[in-house]
1. Return the residue satisfying two criteria in turn: it lies in region 172-200 and is outside any helix (DSSP H, G or I) and under 20 Å from the mean Cα position of the chain (by Cα), and of such residues it is surrounded by the fewest Cβ atoms within 10 Å (Cβ to Cβ).
2. Specify which of the listed residues (ASP68, ASP74) is in contact with an Asp or Glu (Cβ under 7 Å, 6 or more places away or on another chain) and either more than 20 Å from PHE259 (Cβ to Cβ) or modelled with pLDDT under 95 (or both).
3. List the strands (runs of 3 or more DSSP E) inside region 82-167, counting only whole elements, that have at least 1 residues being surrounded by fewer than 22 Cβ atoms within 10 Å (Cβ to Cβ) and touching an Asp or Glu at 6+ places or on another chain (Cβ under 6 Å).
4. Tell me whether region 45-63 contains one or more residues that are open to solvent by 50 Å² or more (accessible area, probe 1.4 Å), within 18 Å of the chain's Cα centre (by Cα), closer than 24 Å to LYS204 by Cα and not aromatic (Phe, Trp, Tyr).
5. When the residues of region 90-135 are filtered to those that are touching a strand residue (DSSP E or B) at 6+ places or on another chain (Cβ under 6 Å) and in contact (Cβ under 8 Å) with a residue 60 or more places away in the chain, which remaining residue is nearest to ASN197 (Cα to Cα)?
Amino acid sequence: MNIGFDQPLYILPFDQRESFQTKMFGWEGTLNSAQTAQIAAAKQVIYDGFQAAVLAGAPQKHAAILVDEQFGADILRAAARRGYMTACPAEMSGQKEFDFEYGEDFARHIETFNPTFCKVLVRFNPEGDKAVNRRQAARLKRLSDYLHGRGRLFMVELYVDAEPAQLERFHGLKAAYDLDLRPGLTVQTLHELQDANVEPDVWKVEGQDLREDCVKLVAAARRDGRDRVGCIILGGGEDEQKVRAWLATAASVPGFIGFAVGRTTFWDALVDWRANRMTREAAVDEIARRYREWVNIFERGTPLPAESVRLTRQAIRRWENEGGHFPEKAGAS
């Protein structure tokens, strides 16, 4: 089966749209041009942190960003010019049921930005609403067929949210559901979607507390000849301690090729920068530090030593000299 991506993949995802608008900025409804520009400027801070991390030692050949067209079109173009891997979402933001953000025009948007990966976020519980699951699987198959028919890479970001009856079994304790029930449901979901001819090259999945559950997930992702399909851990907005544990666990399992940790990397820094509790330079520095820490944990199983997590001053000076933006590579067009 000619699908899969099994090289190391360290993604900084900041494709959130609805949560940026409503939770970071507190805006409802349709945005005006000035509001859109403010969100785009915040995402530029994240991208500059990503670039700073690469300049300070994160491996560029494995580094990637995931950002949306709405607020990150310029970032997607700049990242492509610099040779970074990119991913772009195809789903409507903030919806419980997956559907295409641009409807029947989804293909044109993918072709316009030519990302390394096309990503879809889907919430799918095999014990949930069967009609919703069927509709989502049909849309995912359509996208899967389209992408692979054109030699493009497909990434599915999967959330297996607890159904009310499932959560009741654990007296409402989500942590217990996550530990005891979600891993098996995730494996079942992979099987159901594969049986519906949904064939991601990479599964972006929720963190697993137990190594044995990571092993089972890889076995599901790679069953029946899907030997090159990779799995990456998402952060889910968890605190640093939880993310560190998830990364260390996944890193020990062949088939887990990396991570996509977003909000835990940048959210606090952006909030402090917008509240004038942190300079832009410091926010870039903190985002870069956290991203580099995730890379180090995944590659070595341990956090970066305290003395080495700060950015090189050369990278910071370049950032300052370019007015807050790193220059493009020489000769880039």
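The values are calculated or read from the model by the stated rules, or taken from the named source; none is laboratory data. Everything numeric in this text was worked out from a predicted model, so none of it was measured. Methodologically, a virtual Cβ is constructed for each residue, glycine included, from the backbone with ideal geometry; neighbour enumeration extends over all protein chains shown. When the accessible area is computed, the model is the full protein with side chains, heavy atoms only, and any ligands, DNA or RNA have been set aside. Shrake-Rupley method; radii C 1.70, N 1.55, O 1.52, S 1.80 Å.
1. Only one residue tops the list, namely GLU199.
2. Answer to the check: ASP68.
3. Output list reads 117-123, 153-159.
4. Here is the first cut: in region 45-63, the residues open to solvent by 50 Å² or more (accessible area, probe 1.4 Å) are 55, 57, 60-61.
When the remaining residues are screened for being within 18 Å of the chain's Cα centre (by Cα), the result is 60-61.
Right, trim to closer than 24 Å to LYS204 by Cα and you get 60-61.
Checking the rest, the ones that are also not aromatic (Phe, Trp, Tyr) come to 60-61.
For region 45-63, residues open to solvent by 50 Å² or more (accessible area, probe 1.4 Å), within 18 Å of the chain's Cα centre (by Cα), closer than 24 Å to LYS204 by Cα and not aromatic (Phe, Trp, Tyr): present.
5. Checked region 90-135; the qualifying residue nearest to ASN197 (Cα to Cα) is LYS119.
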